[in-house]
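Structure first, commentary second.
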Amino acid sequence: MSGTVNDALKRPIARPREPVVNRTASATRTVAREALHVTVANATEHRAKQLAKKRFGEEVLPAGLPIAPWLGPVSWYATTNLWWVSVEGEYARFAVAANHGTPTTPGATTTYVRDGATVRLDVDDDDEREVLGRNERLRFRAETGVVVVVGPKPRGVGDKDGQAVETSAGWPNAGK
């Protein structure tokens, strides 16, 4: 009897279609993953509050690293923290003008522009400007480390809002 059931289940008509099973399994995994993330986050937050209350007498952990000597559950001399800061940007339009002109028109003004536009110039004197290329906007990037030491209260110094990466409202579309 079991051989007959197994043989019948091997036939495609006896099984649900694979796309239906895959969608159901995928949805189930997504719901389970989200529930697990919420549970772990809640448990971690609860444990962090317990630890903060026990060690520091407050419901939040200090932002930064308390520096020794440790004199008791809420006593330390200073809090330190370190940030690695990256600054990126670009000029929407960068222009430099010179009042010397070109060799053929010495009294005119020449302007050098970097704004991401197409560069055109009439090179064959037919009153139609030919495309020479495209200029690129000027971009910059700088990085540095910042070390800060402050007194111990109220929470020290550090990221208190949970946003590790912060950007300006205009980035990455400067000047638009």
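The values are calculated or read from the model by the stated rules, or taken from the named source; none is laboratory data. Predicted model only: the values in this text are computed from it and were never measured. Glycine also receives a Cβ, built like all others from the backbone with ideal geometry; neighbour counts cover every protein chain displayed. Note: accessible area is taken over every heavy atom of the protein model, side chains too, but ligands, DNA and RNA are not part of it. Shrake-Rupley method; radii C 1.70, N 1.55, O 1.52, S 1.80 Å.
Overview of values
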quantity: Output for the range 95-104, where each listed residue is within 34 Å of the chain's Cα centre (by Cα) and open to solvent by 70 Å² or more (accessible area, probe 1.4 Å); calculated: VAL96
quantity: First in the range 124-139 and farther than 30 Å from GLU88 by Cβ, second anywhere and open to solvent by less than 100 Å² (accessible area, probe 1.4 Å) and not in a strand (DSSP E or B), Cβ under 8 Å, 6 or more apart; calculated: GLU128/ASP122; ARG129/ASP122; GLU130/ASP122; GLU130/VAL123; GLU130/ASP124
quantity: Residues (in contact with a Leu (Cβ under 7 Å, 6 or more places away or on another chain) and of a type outside the set (Val, Ile, Thr)) located in the range 74-128; calculated: ASN81, GLU90, TYR91, PHE94, ARG114, ARG120, LEU121
quantity: Test: residue in the range 76-87 that is more than 34 Å from the chain's Cα centre (by Cα), over 30 Å from GLU45 (Cβ atoms) and at pLDDT 80 or above; calculated: no
quantity: Filter result (out of contact with any Lys or Arg (no Cβ under 9 Å at 6 or more places or on another chain) and in a loop (DSSP other than H, G, I, E, B)) within the range 86-107; calculated: ASN99, HIS100, GLY101, PRO103, THR104, PRO106, GLY107
quantity: Unmet criterion (only one of (1) of a type outside the set (Phe, Trp, Tyr); (2) in contact with a strand residue (DSSP E or B) (Cβ under 7 Å, 6 or more places away or on another chain); (3) modelled with pLDDT under 70; (4) more than 30 Å from GLU45 (Cβ to Cβ)) for VAL119; calculated: (3)
